[in-house]
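Chemist: Structure in structure tokens, see below.
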Amino acid sequence: MKSVRIWGPGAGAVVVLVAAGAWARGSSDVDAGLWAEVRPAIEARLVEQAAGTGAGESEPGLRSTWFCRADALDLAETEGRVRAGVNTLCVEYGERAGVLVECGGSQTPQVVRLERDPAHGGYRVVSAEEPPDDDAAWTADHFSRRAESRVDEEMDSTGLEAVARTHFVLPADAPVHYC
């Protein structure tokens, strides 16, 4: 009887921890196939919106380009229309004398709406919303609780650095300097 009193609460605690871990992990409920279809349209829109807004574009002797990525937080499809709650990261990189130069960037949650684009295949972005100046109420109104808990997680820019190095034909270990 004593072992039941000891092991019972322990097993219950393990179940609670596993359930909490699954909840906190996040995107396991995002349809990976649908995300693979809509992600290119979302990321292309991000790059398009960022172009022309960076400090590096006015730096003498610097060729700069924006690189963006999105992580799905919420994703739902209804009748060919998709609502994607995403965390976005856009960073402006340039190249000068064989060095990768980071000139700025931002991470922003957004709600992006897409619809099928029969003329070009895939999806096209219809609208995108983002919070006004870190408005917690906006985030709570636009994301599920699970997604809201992940909005402030810092996104890793390592993948964007690698893509930027490839774009500028730099070695994989090229140093990163800042504007």
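Just so it is clear, none of the values below were taken in a lab; they were calculated from the coordinates. In this text, all values refer to a predicted model and were calculated from it rather than measured experimentally. Here the Cβ positions follow ideal geometry from the backbone for every residue, glycine too, while neighbour counts run over all protein chains shown.
Chemist: Residues with beta-carbon under 13 Å from that of GLU161, excluding GLU161: net charge, scoring Lys, Arg +1 and Asp, Glu -1?
Modeler: Taking every other residue near GLU161 into account, the sum is -3.
Chemist: What does the net charge come to around PRO175 if you take all other residues with beta carbon closer than 12 Å to its beta carbon, with K and R at +1 and D and E at -1?
Modeler: Values: positive: ARG96, ARG165; negative: GLU95, GLU102, GLU161, ASP173.
That works out to -2.
Chemist: To continue, here is another question. Suppose R0 equals 45 Å. What FRET efficiency, 1/(1 + (r/R0)^6) with r the Cβ-Cβ distance, do SER106 and GLU79 give to the nearest 0.05?
Modeler: On the way: r = 33 Å, r/R0 = 0.73.
According to the calculation, E is roughly 0.85.
Chemist: I want to check the label-to-label distance for ALA136 and SER149. Put each point 7 Å from Cα in the C-beta direction and report it in nm to one decimal.
Modeler: 1.7 nm
Chemist: Continuing with this model, one more query. On the first, second and third principal axes, largest extent first, how far apart are the outermost C-alpha atoms of segment 20-179 in Å?
Modeler: Extents along the principal axes: 49, 41, 29 Å.
Chemist: In nm, what is the difference between 0.36 nm times the number of residues separating ARG113 and ALA55 and their Cα-Cα distance?
Modeler: Taking ARG113 through ALA55 to full extension adds about 18.0 nm, to one decimal.
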